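Enquirer: Handing you a structure now.
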Amino acid sequence: MKGEMKPYPQKVLKNLINLLKYHLNISFEVPIPKIILAKSALEYASLYQFGHPDKKHWLKTASDVKEINSEASSFYNNADKSIVIRDYTLVDGEEHLIPEYIPIPMDLILHELIHHIQYLTGGTGSWALFYEGWTEIMINLITGDYLDKTYRREVAVSFSLAVALSGSEINAINTIRRYHTHTKKNFYILSLLRKSKLLAGTGLKPKNFLDAVDESLDLLQFEFLQGRMKLYSFSSYRNTLERLRKTLLVNHIEVFPRRNEIYNF
């Protein structure tokens, strides 16, 4: 069995970038990032440490490598503007290269490309609730796929906040789109929260509120939110997004001949 996935076609990457430029209303040129296929858990962890120095992983032990590998199957390396993907799988503790015929889901690449755009426009911001949750919401909106379970809690919580901060579900989508290209993403979210009535009369500082939610992903810890905002479950979020897809994306997914198309490296 032949290992090592084929290089990602530049034409496909360009098409994916153009798709995101269309949906995020981008007029500037977005350079195509490098695609790095990590061949081992150690290589993947080393690249992750290089791209996320704030994580302070020094790879001193095997558990350090395992911890980083458990965080994600791919990531955007802002240090050199590359997308790193695991080209191996662990079977009974042994590493095996992924055969080239194994397809890579389109949503995985799109997710990292949005992070690429976020960094090009000033960084991701401080709260994973938004830079992961709102990224995945855009992927769900564009592709109609909800197969990745990694960010299900983030999308439900962050969509609930987007609706509460913007006033409606349609406005929430525009708020999410604007976030990805805003040059000061923290300022953008904090200003939305300060303008809303969500924290009115509570004495709670916006940053403290966001830090607490980002840490636990639990809006129910704040009793005062009951009645002030709608809390979406993942299923209600998905049903709502499908309604929005019909409203916003009719005849606008011409880049892909099939809704759930998967590209192979």
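The values are calculated or read from the model by the stated rules, or taken from the named source; none is laboratory data. Only a predicted model underlies this, so the values are computations on that prediction, with no experimental measurement involved. Please note: Cβ atoms are built from the backbone with ideal geometry, for glycine as well, and neighbour counts cover all protein chains shown. Each accessible area value is taken on the protein alone, full model and side chains, heavy atoms only, with ligands, DNA and RNA left out. Shrake-Rupley method; radii C 1.70, N 1.55, O 1.52, S 1.80 Å.
Enquirer: In the stretch 139-172, which residues are surrounded by fewer than 18 Cβ atoms within 10 Å (Cβ to Cβ), of a type in the set (A, V, I, L, M) and assigned to a helix (DSSP H, G or I)?
Expert: Scanning the stretch 139-172 gives a single hit, Ile170.
Enquirer: Please tell me if Phe224 is out of contact with any helix residue (DSSP H, G or I) (no Cβ under 9 Å at 6 or more places or on another chain), in a helix (DSSP H, G or I), in contact (Cβ under 8 Å) with a residue 12 or more places away in the chain and open to solvent by 50 Å² or more (accessible area, probe 1.4 Å).
Expert: Details: out of contact with any helix residue (DSSP H, G or I) (no Cβ under 9 Å at 6 or more places or on another chain): yes; in a helix (DSSP H, G or I): yes; in contact (Cβ under 8 Å) with a residue 12 or more places away in the chain: yes; open to solvent by 50 Å² or more (accessible area, probe 1.4 Å): yes.
Yes, satisfied.
Enquirer: Criterion first (touching a strand residue (DSSP E or B) at 6+ places or on another chain (Cβ under 7 Å) and crowded, with 18+ Cβ neighbours inside 10 Å) does Leu192 satisfy it? Talk me through it step by step, then tell me what you get.
Expert: Working: touching a strand residue (DSSP E or B) at 6+ places or on another chain (Cβ under 7 Å): no; crowded, with 18+ Cβ neighbours inside 10 Å: yes.
No, not satisfied.
Enquirer: Of the numbered conditions (1) without any contact (Cβ under 8 Å) to a residue 40 or more places away in the chain; (2) among the aliphatic types (A, V, I, L, M); (3) under 22 Å from Leu248 (Cα atoms), Val155 satisfies every one except a single condition; which is it?
Expert: (1)
Enquirer: Of the residues that make up the stretch 197-214, is at least one in the same structural domain as Ile137 (by the TED database), open to solvent by 70 Å² or more (accessible area, probe 1.4 Å), part of a helix (DSSP H, G or I) and at pLDDT 95 or above? If you could, list the steps in order and put the result at the bottom.
Expert: Start the filter on the stretch 197-214 by keeping residues that are in the same structural domain as Ile137 (by the TED database), which leaves 197-214.
Pick out the ones that are also open to solvent by 70 Å² or more (accessible area, probe 1.4 Å) and you get 197, 201, 203, 205, 207-208.
This time we only want the ones that are part of a helix (DSSP H, G or I), so: 207-208.
If we keep only those that are at pLDDT 95 or above too, we end up with 207-208.
Yes, that holds for at least one residue.
Enquirer: Hey, among the residues in the stretch 241-252 that are assigned to a helix (DSSP H, G or I) and open to solvent by less than 20 Å² (accessible area, probe 1.4 Å), which one's modelled with the lowest pLDDT? Before you say what the answer is, go through the steps one by one.
Expert: Residues of the stretch 241-252 assigned to a helix (DSSP H, G or I): 241-248.
Okay, now just the ones that are also open to solvent by less than 20 Å² (accessible area, probe 1.4 Å), so 241, 244.
Values: Leu241: 94, Leu244: 89.
So, considering only residues that are assigned to a helix (DSSP H, G or I) and open to solvent by less than 20 Å² (accessible area, probe 1.4 Å), the one modelled with the lowest pLDDT is Leu244.
Enquirer: Further question on the same structure: Scan (1) in contact with a Phe, Trp or Tyr (Cβ under 9 Å, 6 or more places away or on another chain); (2) surrounded by fewer than 21 Cβ atoms within 10 Å (Cβ to Cβ) for the single condition Trp134 breaks and write down its number.
Expert: It fails just one condition, (2).
Enquirer: If I filter the stretch 173-188 down to residues being of a type in the set (Val, Ile, Thr) and out of contact with any Phe, Trp or Tyr (no Cβ under 6 Å at 6 or more places or on another chain), which single residue comes out as surrounded by the most Cβ atoms within 10 Å (Cβ to Cβ)? First the steps, then the outcome.
Expert: Step one: filter the stretch 173-188 for residues of a type in the set (Val, Ile, Thr), giving 173, 175-176, 181, 183.
With the extra rule that they be out of contact with any Phe, Trp or Tyr (no Cβ under 6 Å at 6 or more places or on another chain), the set shrinks to 173, 175, 181, 183.
Numbers: Ile173: 23, Thr175: 20, Thr181: 19, Thr183: 9.
Going through the qualifying residues, I end up with Ile173.
Enquirer: So for the stretch 119-126 (the condition being over 14 Å from the mean Cα position of the chain (by Cα), within 24 Å of Val30 (Cα to Cα) and surrounded by fewer than 17 Cβ atoms within 10 Å (Cβ to Cβ)), does at least one residue qualify?
Expert: Residues of the stretch 119-126 that are over 14 Å from the mean Cα position of the chain (by Cα), as a first pass: 120-122.
Next, from what is left, pick out any that are within 24 Å of Val30 (Cα to Cα): 120-122.
Those left that are additionally surrounded by fewer than 17 Cβ atoms within 10 Å (Cβ to Cβ): 122.
There is at least one residue in the stretch 119-126 that is over 14 Å from the mean Cα position of the chain (by Cα), within 24 Å of Val30 (Cα to Cα) and surrounded by fewer than 17 Cβ atoms within 10 Å (Cβ to Cβ).
Enquirer: Is it the case, given these coordinates, that Arg238 is more than 17 Å from Ser126 (Cβ to Cβ), out of contact with any strand residue (DSSP E or B) (no Cβ under 6 Å at 6 or more places or on another chain), at pLDDT 95 or above and open to solvent by 30 Å² or more (accessible area, probe 1.4 Å)?
Expert: Numbers: more than 17 Å from Ser126 (Cβ to Cβ): yes; out of contact with any strand residue (DSSP E or B) (no Cβ under 6 Å at 6 or more places or on another chain): yes; at pLDDT 95 or above: yes; open to solvent by 30 Å² or more (accessible area, probe 1.4 Å): yes.
When the stated conditions are applied, Arg238 passes them.
Enquirer: Now for a different question. Do you know which of the residues in the stretch 72-102 that are open to solvent by 70 Å² or more (accessible area, probe 1.4 Å) and of a type in the set (D, E, K, R) is modelled with the highest pLDDT?
Expert: Among residues in the stretch 72-102 that are open to solvent by 70 Å² or more (accessible area, probe 1.4 Å) and of a type in the set (D, E, K, R), the one modelled with the highest pLDDT is Lys81.
Enquirer: Looking at Thr175, is it within 14 Å of the chain's Cα centre (by Cα) and in the same structural domain as Glu242 (by the TED database)?
Expert: On the way: within 14 Å of the chain's Cα centre (by Cα): no; in the same structural domain as Glu242 (by the TED database): yes.
No; evaluated as a whole, the condition is false for this residue.
Enquirer: On to the next question. If you check Arg259 against the conditions, is it at pLDDT 95 or above and not hydroxyl-bearing (Ser, Thr, Tyr)? Spell out how you get there, then give the answer.
Expert: Details: at pLDDT 95 or above: no; not hydroxyl-bearing (Ser, Thr, Tyr): yes.
No.
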